[in-house]
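Novice: Take a look at the following structure, please.
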Amino acid sequence: MEDFSEFVGLSRPTVSKYFNDPASVRTKTRNLIEAALKESGFRPNIFAVNLNRRRSNIIGIIIPNSTDPFYMALTRRVELIANASGFLAFILSSDGNPELEERAIETLKSMNVAGAIIAPLGVQSHQKTLLTLAATIPLVFVDSPLDDTSTFVGTNNSQSFQLIIDYLCRSGEPPCYLGMPPVNTNARTRNTAYEEAMRQLAMTPVVLPISEQVDWDFERIGFQETLRWIDSGGFPTKTVLCANDRVAFGAIAAAYQRGIKVGRSADCDLRIAGHDDHPLSRYACPPITTVAQNYNEIGRLATELLFQKIDLDGESPPTSQGQRLLLNAELILRNSA
């Protein structure tokens with residue numbers, strides 16, 4: 001910065017003022033700096049600049065899987081809104097690994113971020129680390145909450161399961177439930193939502209036991225569990241509701257491998273439904289009946305909540321009771337159920 005200030009012939013405070021807010025300097029000065037930028041190719045180190053600020057213009061994002069289309073759509077929405085508001089979104093993936101999640105948290109702390117949006121793994125051992133971070137910067141959790149008091153934006157699992165179970169019970173045999181590994185709180189809340197929705201319809205819940213291993217490879221788990229049930233005589237009912245569409249992908253593939261026809265027509269052997277409306281669900285064979293999470297709205301609301309918390313700027317303690325925004329889902333009828 002000092003070298004560039006000398007090159008352009010202006011004081012360092014004037015040049016710094018321009019980089020913080022180009023409109024804050026006179027037009028003649030701004031034109032002089034921008035001409036010098038083109039000639040010299042100089043670009044300030046944005047991370048170094050932000051480290052020297054009391055509050056940076058960087059927001060952090062931590063997700064469990066950077067290749068999952070749900071998280072890709074969510075982070076894209078956050079990035080667009082952040083950029084339009086003059087913030088830089090810095091995205092890190094924990095890749096489903098608690099150690100990588102902790103490293104990502106430490107990275108955000110070292111970068112002096114203004115706040116962060118996090119989809120946590122839900123590992124008990126790292127709750128303390130995240131709560132410590134929440135005491136220093138504003139945090140908003142998405143996909144699954146950290147605890148019962150954290151600021152959270154996600155899907156109303158109770159409403160979404162009532163919606164799809166009501167449809168499945170009206171259109172055929174009541175569903176048994178093929179859950180997901182305990183990778184985050186969604187595993188527990190969706191299981192509970194299934195049981196409550198079945199009881200409200202005076203039906204007996206049938207939760208299929210699955211491995212307690214913490215594993216984000218949902219397709220493989222759905223595939224293996226479905227093969228196990230088919231090879232041991234079949235599912236308890238002719239309708240299977242999966243905890244998410246990725247589990248349903250594996251279940252449908254296993255049924256196909258065993259020659260079992262999946263669908264809702266009279267000549268089909270099994271109905272399989274999912275949850276989330278994964279971007280690839282419409283292209284499965286058969287396309288998956290599911291309930292749709294509003295990815296864009298979750299991203300928008302989470303970013304707006306974070307900006308509200310950042311704008312408080314110390315007027316309210318970050319650890320105060322968090323807001324909870326639960327979005328209703330929409331039933332998506334396709335051929336699998």
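Novice: Only residues that are among the small types (Gly, Ala, Ser) and either assigned to a helix (DSSP H, G or I) or modelled with pLDDT under 95 (or both): list them for the stretch 155-203, please. Spell out the reasoning first.
Specialist: Filtering the stretch 155-203 for residues among the small types (Gly, Ala, Ser) gives 158, 160, 171-172, 179, 187, 193, 197, 202.
Within the stretch 155-203, Ser158, Ser160, Ser171, Ala187, Ala193, Ala197 meet the criteria.
Novice: For the stretch 151-166, indicate whether the set of residues that are crowded, with 21+ Cβ neighbours inside 10 Å and in contact with a Gly (Cβ under 8 Å, 6 or more places away or on another chain) is non-empty.
Specialist: Yes: the stretch 151-166 contains one or more residues that are crowded, with 21+ Cβ neighbours inside 10 Å and in contact with a Gly (Cβ under 8 Å, 6 or more places away or on another chain).
Novice: Considering Asn45, Asn20, Asn31, Asn52, which residue is modelled with pLDDT of 85 or more and over 30 Å from Phe218 (Cα atoms)? Step through it out loud before you land on a result.
Specialist: Values: Asn45 fails: modelled with pLDDT of 85 or more; Asn20 fails: modelled with pLDDT of 85 or more; Asn52 fails: modelled with pLDDT of 85 or more.
Answer to the check: Asn31.
Novice: Then there is this: In the stretch 271-309, which residues are in contact with a helix residue (DSSP H, G or I) (Cβ under 9 Å, 6 or more places away or on another chain), open to solvent by 10 Å² or more (accessible area, probe 1.4 Å), farther than 14 Å from Ile332 by Cβ and outside any loop (DSSP other than H, G, I, E, B)?
Specialist: Matches in the stretch 271-309: Arg271, Asn296, Glu297, Arg300, Glu304, Phe307.
Novice: Going through the stretch 204-230 one residue at a time, which ones are open to solvent by 70 Å² or more (accessible area, probe 1.4 Å), of a type in the set (S, T, N, Q) and in a loop (DSSP other than H, G, I, E, B)? Walk me through how you get there before you give the answer.
Specialist: First pass over the stretch 204-230, keeping only residues open to solvent by 70 Å² or more (accessible area, probe 1.4 Å): 204, 209, 212-214, 220, 224, 228.
Next cut, of a type in the set (S, T, N, Q) only: 204, 213, 224.
Selection gives Thr204, Gln213.
Novice: Moving on. Can you report the number of residues in the stretch 109-124 which are under 23 Å from Trp216 (Cβ atoms) and either in a strand (DSSP E or B) or out of contact with any helix residue (DSSP H, G or I) (no Cβ under 7 Å at 6 or more places or on another chain) (or both)? Step through it out loud before you land on a result.
Specialist: Initially, the stretch 109-124 is screened for residues under 23 Å from Trp216 (Cβ atoms), giving 116-124.
Retained after the next criterion (residues that are either in a strand (DSSP E or B) or out of contact with any helix residue (DSSP H, G or I) (no Cβ under 7 Å at 6 or more places or on another chain) (or both)): 116-118, 124.
Matching residues across the stretch 109-124 total 4.
Novice: Every residue in the stretch 128-146 that is open to solvent by 40 Å² or more (accessible area, probe 1.4 Å) and not hydrophobic (A, V, I, L, M, F, W, C), please.
Specialist: Filtering the stretch 128-146 for residues open to solvent by 40 Å² or more (accessible area, probe 1.4 Å) gives 128, 131-132, 135-136.
Lys128, Thr132, Thr136 - these are the residues of the stretch 128-146 that are open to solvent by 40 Å² or more (accessible area, probe 1.4 Å) and not hydrophobic (A, V, I, L, M, F, W, C).
Novice: Find all pairs meeting these conditions: Cβ atoms under 6 angstrom apart; at least six residues apart or on different chains; first residue within the stretch 160-172 and under 17 Å from Val206 (Cα atoms) and hydrophobic (A, V, I, L, M, F, W, C); second residue in a helix (DSSP H, G or I) and open to solvent by less than 30 Å² (accessible area, probe 1.4 Å).
Specialist: From the stretch 160-172, the pairs are Phe161/Ala193; Phe161/Tyr194; Phe161/Ala197; Ile165/Ala197.
Novice: Next question. In the stretch 248-267, which residue that is among the hydrophobic types (A, V, I, L, M, F, W, C) and out of contact with any strand residue (DSSP E or B) (no Cβ under 6 Å at 6 or more places or on another chain) is surrounded by the fewest Cβ atoms within 10 Å (Cβ to Cβ)?
Specialist: Of the stretch 248-267, the ones among the hydrophobic types (A, V, I, L, M, F, W, C) are 248-249, 251-255, 260, 262, 266.
This time we only want the ones that are out of contact with any strand residue (DSSP E or B) (no Cβ under 6 Å at 6 or more places or on another chain), so: 249, 253-254, 266.
Working: Phe249: 23, Ala253: 18, Ala254: 22, Ala266: 5.
Only one residue tops the list, namely Ala266.
Novice: Look through Pro138, Pro69 and report the one residue that is modelled with pLDDT of 90 or more and within 19 Å of the chain's Cα centre (by Cα). Spell out how you get there, then give the answer.
Specialist: Details: Pro69 fails: modelled with pLDDT of 90 or more.
So the residue among Pro138, Pro69 that is modelled with pLDDT of 90 or more and within 19 Å of the chain's Cα centre (by Cα) is Pro138.
The values are calculated or read from the model by the stated rules, or taken from the named source; none is laboratory data. Please read all numbers here as calculations on a predicted model, not as lab measurements. A quick note on method: Cβ atoms are made from the backbone with ideal geometry, for glycine too, and the neighbour counts reach across all protein chains shown. In case anyone asks, the SASA skips ligands and DNA or RNA and just uses the protein heavy atoms, side chains included. Shrake-Rupley method; radii C 1.70, N 1.55, O 1.52, S 1.80 Å.
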